[in-house]
Structures are given as C-alpha cells and as structure tokens.
Amino acid sequence: MPILHASLANDLTWLIAAIAVCGMLMRPWGISEALWAVAGALLLVLGSLISWHEAWAAVGAGMDVYLFLAGMMLLAELARAEGLFDWVAAHAVRAARGAPRRLFALTYVVGIAVTALLSNDATAVVLTPAVYAAARHARTEPLPYLLICAFVANAASFLLPIANPANLVVYASHLPPLDAWLRWFLLPATAAIAVTYLALYATQRRALQGRFTLDVPVPTLSRTGRIAAAGIALAVLVLLWASATGRQLGAPSCLAAVLTLTAVLLLERRSPWPIVKAVSWSVLPLVAGLFVLVAGLGQTGLLMTLARLAAHLTLTAGRVAAFAAGGSAAAASNLMNNLPVALIAASVGAGHGLAPLRASLLIGVDLGPNLSVTGSLATILWLIALRREQVHIDAAAFLKLGLLVMPPALLAALTLLLLHPV
C-alpha cells in the first residue's frame with residue numbers, strides 16, 4: 001500500500017504540474033499565466049502533495065529573483081513613462097539615414113544593450129513599443145524590427161548575469177563573479193548574438209530593401225527623462241559591481257529602482273501609482289508558483305534522478321554529455337517554458353559549479369526559447385506588447401523562423417563553450 005500511495009502521489013503531482021504548464025502556455029479562456037502557476041502550486045499544497053513548509057521554503061528560495069524582476073520592471077516602466085526609449089529609438093531612425101538595413105543593425109545593437117544591461121524582459125516590454133513607434137513614424141514595415149526585440153532578448157541573455165532572471169535561477173544563490181562569468185560565456189554569447197543576427201537578417205533581407213522617410217520627430221528628453229537615464233546608468237554600475245564581487249543582484253536592482261523613481265517623483269511632485277500600476281506584477285506570483293511546482297516535482301524523485309544521471313554522464317562522457325544537456329534544456333524550454341526548466345537545471349547542475357554541464361544547461365535555457373513563442377517569459381511579454389499595438393504574430397510562422405535562427409546559434413554557442421579552454 002505505501003508503494004501504491006507514493007506512486008499515486010507522484011502521478012497526481014505530474015498531472016497537476018502538466019495542467020499548470022499547459023495552461024500557462026495556451027491560456028485557455030484568457031486566464032493569465034500567473035493564475036495557472038499559482039493554482040497548480042495551491043493544488044499541490046491542498047492535496048498534501050507538498051507541505052506548507054516546503055512550499056513556503058520554495059517560494060522563499062526565489063527572493064533574489066523577485067527583487068531583481070521588481071527592480072528591472074520598475075526601471076523599465078520609468079524609462080518608458082519618461083520617454084527615454086522613444087528618444088533612443090527616434091535617434092536610431094535618424095542615424096539610419098533612410099536605410100532599412102542600417103536601421104535593422106542599429107535596432108539590433110540597441111536590443112543587445114538593453115538586454116545585457118536591463119534584462120531580456122525589459123527588451124520585450126519597453127523596447128518593443130518604442131521600435132514599433134519608430135518604424136511607423138519612418139513609414140516602414142515594422143515586423144523585421146519587432147522580430148529583433150524577441151530574438152535578441154534571448155540571444156543576448158547570457159552575455160551578463162543580469163541579462164536574464166533565469167541566470168539567477170540556474171545558479172541560485174551561487175552566482176559566479178563577473179570575471180568568471182565572462183571567461184565562460186563571453187565567446188558563446190558573442191557567437192549566439194552574431195549567428196542570430198545573420199540568420200534573422202537573411203530571412204528578412206527582402207523586407208529591408210528600398211528607403212524610408214527621414215521625417216521622424218525626435219522627442220525632447222525631459223529633465224526627469226535624463227534623471228531616469230542617470231538612474232539606469234547608476235543601477236547598471238551597481239549591478240555590475242555586485243556581479244563582479246559575486247553578490248546577489250536582487251536587492252541592488254530593487255534599491256536602485258526605488259531611489260531613481262523617488263528622485264523623479266519628488267522632482268515632479270506627482271504620485272507613484274501610475275508607474276507602479278503599469279508594471280506587470282503578475283510575473284512575480286508566476287515565478288513563485290513555478291518554484292513550488294518544481295519543488296513538488298522534486299518530491300517525485302525526478303530531480304534526484306536527473307542529477308545522478310548528469311553526474312554519471314559527466315564522469316563517463318564529459319563535454320559530450322554537457323553538449324547534449326544544453327540541447328535537451330533548449331528543447332524542454334519550448335515544451336514547458338524556460339523558467340521551470342531553469343529551476344530543474346539548478347537542481348541538476350548543483351554541485352557542478354562553473355563546470356561545462358551547468359554552463360551548457362544555462363545556454364540551453366536562455367537561447368532555446370528562440371524556437372517558439374511560448375519558450376520564455378520574455379517572448380510571452382513580447383507577444384503581449386504586440387497585442388497592445390494591434391500586431392499579430394502567427395505561432396506557426398514564428399516556429400518556422402525559429403527553426404532557421406535558433407539551432408545554428410545554439411550549436412555555435414555550445415561549441416565555443418565546450419571547446420574554449422578556461
């Protein structure tokens with residue numbers, strides 16, 4: 001009987017987790033992703049498949065991620081409200097001098113910078129509407145530039161530790177110092193960014209022919225806009241310092257955002273609620289629910305089994321096993337979203353430090369979602385931003401494009417990671 005009971009509990013855990021993840025990806029009846037994740041977590045607790053204490057511990061384990069996301073979302077929304085990204089996009093259009101291909105390259109560079117310094121979620125949420133507005137002002141087809149916002153958000157998301165909240169999840173509380181991070185990931189990230197650009201450009205080159213109008217209004221950056229820019233620059237410096245010294249990134253990012261927001265609001269003597277309400281706070285319970293769901297899967301023995309398998313393969317197959325692990329993480333991220341895969345990768349890679357296995361898992365988690373629209377939180381946020389602009393992207397068309405863009409970038413990144421001596 002105990003064996004039957006344990007087997008039944010495992011089956012129920014798997015069923016609840018599967019329903020929650022499918023609900024997140026498909027959003028039936030318009031129910032938000034966060035509600036599916038939280039409902040799944042509550043069912044695990046109410047069904048005694050995981051204790052309240054274990055669930056609370058799982059939620060608490062994500063505190064650094066919550067603080068980091070809150071800080072980045074506040075900074076991004078403040079930059080949007082003060083017109084900073086519209087100002088940058090308008091200057092990019094002017095700098096392109098009427099050449100769509102030049103604008104394509106400039107947009108890609110801006111996307112790399114925003115992703116690396118403000119996270120891939122900021123690229124999806126804030127840069128997307130700014131790029132759309134700039135393209136419409138230039139009277140040019142916006143789709144090629146909008147695609148950049150989706151693909152570069154994942155391609156550049158392991159250039160720096162702060163570029164993707166999934167990085168904080170995979171390495172949990174043991175985020176490597178910045179110098180060690182760059183030794184492992186700078187070349188693979190550069191390869192992923194370059195290959196993604198070339199593949200994306202090759203697929204969009206026909207839409208980038210001709211010229212576009214230069215009659216694009218450049219908004220004046222207000223005094224509060226300049227303060228927001230200075231606050232973002234300060235936050236980036238603080239985060240780079242925290243990363244370089246191996247400190248957690250959540251508290252510094254949240255503190256920098258609060259201080260910058262306070263300075264702007266005091267100067268303008270206005271309420272903080274419009275900015276605070278505009279932030280997608282549902283992301284936080286979504287992540288917390290995923291932490292609990294993965295903790296529930298841990299009760300089934302899945303994580304321990306995967307960790308043992310990874311350790312065995314690492315000893316017997318070495319870097320070949322790490323290469324396969326990166327590919328598996330990339331594929332799994334498109335089946336169940338990369339946040340739960342990042343949580344699983346954190347358990348599987350625990351004890352491997354900066355070994356090739358853990359590093360390749362992170363690359364798969366970060367870069368793999370460029371295959372489908374449901375692969376990462378950043379891509380889902382990108383779709384939401386497009387819907388606000390009345391732009392529709394077909395999932396099948398995105399998958400067709402992703403099949404051309406993601407696999408060569410992943411292959412290049414993993415090859416450089418596993419061949420580069422560190």
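Scanning for something of a type outside the set (Phe, Trp, Tyr), in a helix (DSSP H, G or I), free of Cβ contacts under 8 Å to residues at least 40 places away in the same chain and farther than 26 Å from Pro129 by Cβ, does the range 384-402 turn up at least one residue? The answer is no; no qualifying residue exists.
When Leu343, Leu362 are checked against the criterion of being at pLDDT 85 or above and in contact with a Phe, Trp or Tyr (Cβ under 9 Å, 6 or more places away or on another chain), a single residue qualifies: Leu362. Each residue in the range 382-392 was checked for being touching a helix residue (DSSP H, G or I) at 6+ places or on another chain (Cβ under 6 Å) and either more than 18 Å from Arg80 (Cβ to Cβ) or of a type in the set (Phe, Trp, Tyr) (or both), and 1 pass.
Scanning the range 182-230 for residues that are within 30 Å of Gly402 (Cα to Cα), polar (S, T, N, Q) and exposed (fewer than 13 other Cβ atoms within 10 Å of the Cβ) turns up just one, Gln209. Could you check the range 127-152 and list, in sequence order, the residues that are polar (S, T, N, Q) and part of a helix (DSSP H, G or I)? Hit for the range 127-152 is Thr128, nothing else. Residue under question is Ala330, and the condition is that it be closer than 21 Å to Leu416 by Cα and in contact (Cβ under 8 Å) with a residue 12 or more places away in the chain; does it hold? Spelling it out, Ala330 is indeed closer than 21 Å to Leu416 by Cα and in contact (Cβ under 8 Å) with a residue 12 or more places away in the chain.
Exactly one residue among Val236, Val218 is touching a His at 6+ places or on another chain (Cβ under 9 Å) and either modelled with pLDDT under 85 or among the hydroxyl-bearing types (Ser, Thr, Tyr) (or both), and that residue is Val218. Residues satisfying the criterion are absent from the range 31-44 (criterion: over 20 Å from Ala378 (Cα atoms) and at pLDDT below 90).
Restricted to the range 13-27, and to residues there that are surrounded by fewer than 17 Cβ atoms within 10 Å (Cβ to Cβ) and assigned to a helix (DSSP H, G or I), the residue that is modelled with the lowest pLDDT is Met26.
Cβ-Cβ contacts under 9 Å between residues 6 or more apart (or on different chains), taken from a first residue in the range 53-71 that is in contact (Cβ under 8 Å) with a residue 60 or more places away in the chain and within 13 Å of Val283 (Cα to Cα) to a second residue that is of a type in the set (Phe, Trp, Tyr) and part of a loop (DSSP other than H, G, I, E, B), are listed as Ala70/Trp281. Condition check: surrounded by fewer than 18 Cβ atoms within 10 Å (Cβ to Cβ), at pLDDT 90 or above and aliphatic (A, V, I, L, M). Does Leu411 satisfy that? Judged against the criteria, Leu411 is a match. The numbered conditions (1) in contact (Cβ under 8 Å) with a residue 60 or more places away in the chain; (2) hydrophobic (A, V, I, L, M, F, W, C); (3) in a helix (DSSP H, G or I) are all true for Leu175 except (3). Take the conditions (1) part of a helix (DSSP H, G or I); (2) touching a residue at least 24 places away in the same chain (Cβ under 8 Å); (3) under 24 Å from Val341 (Cα atoms); Leu182 misses just one of them, which is (2). Taken over the range 231-283, residues that are exposed (fewer than 15 other Cβ atoms within 10 Å of the Cβ), within 19 Å of Val114 (Cα to Cα) and not aliphatic (A, V, I, L, M) amount to 1.
The residue that is modelled with the lowest pLDDT, among those in the range 142-179 that are within 22 Å of Ala235 (Cα to Cα) and aromatic (Phe, Trp, Tyr), is Tyr171. Taken as a whole, the condition of being touching a Leu at 6+ places or on another chain (Cβ under 9 Å) and either among the aromatic types (Phe, Trp, Tyr) or in a helix (DSSP H, G or I) (or both) does not apply to Leu411.
Kindly indicate whether Asn334 is over 22 Å from Pro176 (Cα atoms), surrounded by 22 or more Cβ atoms within 10 Å (Cβ to Cβ), touching a helix residue (DSSP H, G or I) at 6+ places or on another chain (Cβ under 7 Å) and among the polar types (S, T, N, Q). It is true that Asn334 is over 22 Å from Pro176 (Cα atoms), surrounded by 22 or more Cβ atoms within 10 Å (Cβ to Cβ), touching a helix residue (DSSP H, G or I) at 6+ places or on another chain (Cβ under 7 Å) and among the polar types (S, T, N, Q). Residue by residue through the range 123-133, note down the ones that are modelled with pLDDT of 80 or more and surrounded by 24 or more Cβ atoms within 10 Å (Cβ to Cβ). Within the range 123-133, Thr123, Ala124, Leu127, Thr128, Ala130, Val131 meet the criteria.
The values are calculated or read from the model by the stated rules, or taken from the named source; none is laboratory data. Keep in mind the model is a prediction, meaning the values are calculated, not measured. Don't worry about glycine lacking a Cβ; one is built from the backbone with ideal geometry, like all the others, and counts go over all protein chains shown.
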